[in-house]
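The block underneath contains the structure these notes are about, expressed in structure tokens.
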Amino acid sequence: MRTGQVPVVPSSVIASVSSFEDAQRTVGYLRSYGMDAGSLEVVGAELRQAERHQVIPVARLTGVGALQGALLGVLAAVFITLVAETTLTGLAVVVWGFVYGVLIGGLWGLFRGLVRNRPDAITTEVVPTHFEVRCPPEELSVAQTLLADATDIDDGRVEREVIAEAPHKDAA
């Protein structure tokens with residue numbers, strides 16, 4: 001959010017956790033004590049750009065392409081056997097359809113793999129470094145009280161690190 005920009009829905013941070021699963025667990029814990037699910041939100045914070053090179057092995061793409069080509073070749077050969085008159089037997093047409101399908105599909109998969117795995121094909125995505133659980137300011141004290149209550153840790157509904165990381169801020 002830009003400096004000086006006001007949030008559309010005012011909310012206060014009640015917990016800051018390192019993973020989305022911990023944030024979901026915190027929201028589940030608060031919901032189990034009657035907080036409205038519509039008022040709780042999980043927000044990714046401190047975004048950073050991450051580059052990820054999605055590598056799919058060329059051999060795998062070639063093999064999948066060959067299998068798909070073989071299937072299409074056999075289907076085309078069966079169709080040709082049923083509708084067209086040829087000097088070949090039906091089995092020979094199906095075998096040649098299979099062979100040509102494997103060749104064309106394999107080449108298609110090979111070229112797809114080479115284009116997809118080129119060095120400049122890097123995807124950039126924005127990922128959060130941590131997650132914040134937020135609620136409306138009027139429910140902040142209730143949420144902080146629930147998260148600070150240490151008697152519910154033993155029943156497995158929330159982990160100790162989630163409660164320890166919950167900041168206790170006063171509503172501004």
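The values are calculated or read from the model by the stated rules, or taken from the named source; none is laboratory data. Just so we're clear, the structure is a prediction, and the values are computed from it rather than from any experiment. All Cβ positions, even for glycine, are placed from backbone atoms using ideal geometry, and neighbour counts span all protein chains on display. These area figures cover heavy atoms from the full protein model, side chains too; ligands, DNA and RNA do not enter into them. Shrake-Rupley method; radii C 1.70, N 1.55, O 1.52, S 1.80 Å.
What the table shows:
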quantity	calculated
Spin-label model distance (nm) - Arg116 vs Val58, 7 Å beyond Cα toward Cβ	1.4
Length released on extending from Leu82 to His130, taking residue separation times 0.36 nm less the Cα-Cα span	11.1 nm
Cα extents of the range 56-133 along the three principal axes, largest first (Å)	70, 31, 15
Surface accessible to a 1.4 Å probe, per residue, for the residues of the range 69-129, Å²	73
